[in-house]
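Take a look at the structure below.
The values are calculated or read from the model by the stated rules, or taken from the named source; none is laboratory data. It should be emphasised that the depicted structure is a prediction, and the values quoted were computed from it without experimental measurement. In this analysis, Cβ positions are derived from the backbone assuming ideal geometry, glycine residues included, and neighbour counts consider all displayed protein chains. For accessibility, only protein heavy atoms count, side chains too; no ligands or nucleic acids. Shrake-Rupley method; radii C 1.70, N 1.55, O 1.52, S 1.80 Å.
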Amino acid sequence: MTGSRTSTPTISVDGVSRWFGNIVAVNDVSFNIFPGITALLGPNGAGKTTLLRMVGGLGDPSDGGVRVLGDPVRRNPAIFSRIGVMTEHESVYEFLTGRELVELNARLHRVPDVMAAVDEAIELVDLAADQHRRLGGYSRGMRQRMRLAATLVHSPEVLLLDEPLSGTDPPQRLRFMEVMRRIARQGRTIVISSHILEEVETLADRIILLTAGKVAAAGEYRAIRQKLNEQPYLVRVEADQPRVLGAGLMAIDAVESVEVDEDDRLHVRSREVTELQRALPHVARDTGVRILRVEPLDDSLESLFEYLAQQQWRGRG
Amino acid sequence: MMVLLALSARQLAGGKRIWLMLVLAAIPLVFAVIFALVETDATALEFSDGLTNYLIASTILPLVMLVLATASFGNELDDHTLPYLVLKPISRWTIVAPKLLASLLVGGLPVAVSGWLSTLIITEGDAGHAAATAAALLVGAVAYAALFTWAGLTVRYALPFGVAYIFVWEAVLSTFLDGTRFLSVRQYTLAVVHGIDDSRLRDMVVELGLAEGLIGAAVMVAVFTTLTTRRLARMDIP
């Protein structure tokens with residue numbers, strides 16, 4: 001990402017592809033990542049996990065290369081003293097207590113003061129009170145937090161977190177974000193993968209958008225958000241007088257087009273969905289139409305990714 | 001290494017599986033007690049040799065080691081906990097070695113103790129006979145641990161593979177085909193029993209000498225441990 005930067009990237013992904021039989025999971029992807037928080041964003045099946053696994057040393061690329069902190073990551077165990085990886089699987093050794101899991105990681109990382117590091121990591125995820133309970137009895141969110149503590153216990157320079165917020169509730173997410181920001185301020189590199197834009201929009205400085213195994217967009221969060229906002233939204237409206245409502249909606253700037261389908265339902269296309277939401281009840285009131293149902297047809301992250309990918313291919317063509 | 005040994009031993013010793021393994025390991029003791037209590041035509045050595053050859057070395061030891069050693073990596077592959085071990089600044093060898101030791105401790109040791117104790121009961125306290133049985137079973141356990149740990153990491157259906165190995169290769173082929181005897185853990189085990197205590201297994205076919213048995217087992221351990229270590233370094237970690 002951000003190829004204009006002149007400093008040495010923490011993570012360098014160069015022409016990486018990965019295929020499984022006939023399926024191409026990651027297709028000729030290149031980017032650099034620098035200190036700070038970077039979100040790897042994409043719909044399910046976009047190749048985020050496959051890519052993150054290759055960056056984390058859990059799998060080989062079929063083609064291309066990955067370097068972390070200047071070194072290859074596969075068959076180079078020494079690099080793991082500087083990297084922390086939290087995989088997408090929420091599995092833990094269920095017979096261990098939360099503290100034992102963190103301690104296991106600290107000892108395998110040969111942390112100098114194990115007990116102090118374990119205390120600090122558990123404190124960071126706010127699980128001191130439950131640290132002596134078996135992981136098998138933890139809730140999903142608690143497991144994720146204890147896994148995060150185990151990932152952080154050796155103070156890695158690079159953190160790779162695959163869907164770390166799954167299973168966490170809103171207060172836990174806020175706490176997680178606070179922890180991530182604190183770590184990022186120390187000059188460390190954090191890569192978080194997610195398929196939920198809202199999950200990372202307040203957290204990430206930079207975003208890499210993946211779709212169908214390719215980078216659809218990469219850059220500062222605001223620029224990406226702007227691109228996302230350019231996508232027209234499609235909303236289906238059912239009303240008792242659809243044509244009257246349609247005529248009224250066409251008078252609004254926010255509305256790009258209105259069509260009536262064979263079931264007399266309106267398909268309203270708009271680039272300013274917030275404005276449309278605000279105006280719709282007013283138009284209905286002014287035209288004396290009763291709205292029966294409003295349904296976004298493509299208000300999903302997948303459709304946004306699709307749109308961005310199409311824009312990208314058009315740009316290349 | 002001790003951290004991983006403790007983790008692996010706890011992992012293998014947990015759950016219902018360990019009880020089944022302990023019951024299997026205790027079967028020779030039941031036979032020994034029956035021999036001690038019931039009149040029979042067989043001499044103590046004949047009975048002890050039969051028990052060692054036909055029950056412990058050919059069935060109980062390989063089955064116990066198969067179940068435990070394939071699980072030592074198999075559990076982590078199934079529940080996706082292997083990244084906790086491989087994403088650490090330690091050599092792959094220091095991950096594999098504790099796995100081998102753990103299956104040896106949890107599976108091989110109880111079988112060896114059972115073999116030792118049952119021989120003691122049958123031979124009315126002959127420490128030499130009992131020690132030969134126990135030592136040979138430990139040698140066999142190490143070789144099986146190396147083979148089945150590799151299978152657990154590499155072979156998709158490790159248990160059926162292991163059962164085929166035990167009941168086709170070891171029980172049938174290595175008994176009837178001369179060349180394959182050099183590649184049979186059971187033959188190594190019997191060779192060590194006979195090599196340490198030449199009064200044992202006299203009436204049975206022991207094709208290999210003590211040195212051959214020990215070298216065969218050592219080669220097997222070295223080859224399969226190397227293969228396991230290489231596999232761990234090169235595989236995609238699930």
### Task
Go through A:A184, B:N75, A:T202 and say which Cα lies farthest out towards the positive end of the charge dipole of the protein assembly as shown; charges sit on Cβ, +1 for Lys and Arg, -1 for Asp and Glu.
A:A184
### Query
Put A:F176, B:F31, B:F47 in order of accessible area, largest first, 1.4 Å probe: what do you get?
B:F31, B:F47, A:F176
#### Entry: Accessible area of A:D28 in the full protein assembly, 1.4 Å probe (Å², nearest 10)
100
### Query
Using a 1.4 angstrom probe and counting only protein chains, how large is the accessible area of A:L69 in Å², to 10?
40
### Query
Considering only chain A, what is the antiparallel percent among its DSSP beta bridges, to the nearest 5?
65
### Message
Using a 1.4 angstrom probe on the protein heavy atoms only, could you order A:L41, B:L37 from most to least accessible area?
### Response
B:L37, A:L41
#### Entry: For the protein assembly as shown, size of Cβ-based charge dipole, Lys and Arg +1, Asp and Glu -1, in debye
1380
### Message
About the Cα centre, and with charges only on the beta carbon of Lys, Arg (+1) and Asp, Glu (-1), how big is the dipole of the range B:21-105? Nearest 20 debye, please.
### Response
580
### Task
Normalising by the residue count of chain B, find the relative contact order in percent from Cα pairs under 8 Å and 6+ residues apart.
25
### Task
For the A and B pair, go ahead and give the buried accessible area with a 1.4 Å probe, both sides summed, in Å² to 100.
2500
### Fully extended contour minus Cα-Cα distance, from A:R182 to A:E120, at 0.36 nm per residue
20.9 nm
### Query
So what's the Cα pair-distance distribution over chain B, bin width 10 Å, in %?
8, 33, 33, 19, 6, 1, 0
### Task
State the antiparallel share, in %, of DSSP beta bridges confined to the protein assembly as shown, rounding to the nearest 5.
65
### Query
Helix by helix, which DSSP H runs in chain B go 18 Å or more along their axis at the Cα atoms and have an average Kyte-Doolittle hydropathy of 0.5 or more?
B:17-37, B:61-79, B:109-122, B:127-154, B:210-234
### Query
Taking a point 7 angstrom from the Cα of A:L292 along the C-beta vector, which residues in the range A:249-286 have backbone N less than 11 Å away?
A:263-266
### Query
Once you put a point 7 Å from the Cα of A:L69 and another 7 Å from the Cα of A:D253, both along the Cβ direction, what distance in nm separates them?
5.3
### Query
With all protein chains present and a 1.4 Å probe, how do B:R234, A:R269 order by accessible area, largest first?
B:R234, A:R269
### Query
If you roll a 1.4 Å probe over chain B with all protein chains in place, what percent of the accessible area is carbon or sulfur?
71
#### Entry: Gyration tensor (alpha-carbon) shape descriptor, the range A:84-137, a/c threshold 1.5
oblate
### Query
In nm, to one decimal, how far is the B:D198 label point from the B:V30 one, both placed 7 Å along Cα→Cβ?
3.8
### Query
Summing +1 for each Lys or Arg and -1 for each Asp or Glu, what net charge is found among the other residues whose Cβ lies under 14 Å from the Cβ of B:V23?
+2
### Query
Of the heavy-atom accessible surface of chain A (probe 1.4 angstrom), what whole percent is carbon and sulfur?
47
## Note on the structure
Helix A:301-316: inclination vs chain A longest Cα principal axis, degrees, rounded to 10, gives 90
### Query
In deg cm²/dmol, rounded to 500, what helix-only [θ] at 222 nm does chain A give when every DSSP H run of at least 4 residues adds -39500 (n - 2.57) and the total is split over its residues?
-11000 deg cm²/dmol
### Task
Give the angle, between 0 and 90 degrees and rounded to the nearest 10, that separates the Cα long axis of helix A:170-185 from the longest principal axis of the Cα atoms of chain A.
60
### Summary
Dimensionless Rg/Rh of the protein assembly as shown, both radii on Cα and Rh by Kirkwood, sits at 1.15
### Task
Using Cα pairs closer than 8 Å and at least 6 residues apart in sequence, work out the relative contact order for the range A:68-219, in percent.
24
### Query
Say the dipole of the range A:78-135 comes from +1 at the beta carbon of Lys and Arg and -1 at that of Asp and Glu; which of A:A106, A:A128, A:I79 then lies farthest toward its positive end?
A:I79
#### Entry: B:A127 paired with A:V260, simple spin-label distance in nm, labels 7 Å along Cα-to-beta-carbon
10.4
### Message
Rg/Rh for the range A:11-220 to two decimals, with Rh computed the Kirkwood way over all alpha-carbon pairs.
### Response
0.96
### Task
Could you name the aspartates and glutamates whose alpha carbon sits less than 18 Å from that of B:K16, not counting residues in the same chain fewer than 8 places away?
A:E94, B:E76, B:D78, B:D79
### Summary
Taking the dipole of chain B about the Cα centre (Lys, Arg +1; Asp, Glu -1; charges at Cβ), the one of B:M204, B:I215, B:A135 that reaches farthest to the positive side is B:I215
#### Entry: Cα centre as origin, Lys/Arg/Asp/Glu Cβ charges: the range B:94-238 dipole, Debye
700
#### Entry: Solvent-accessible area per residue for the protein assembly as shown (1.4 angstrom probe, square angstrom)
44
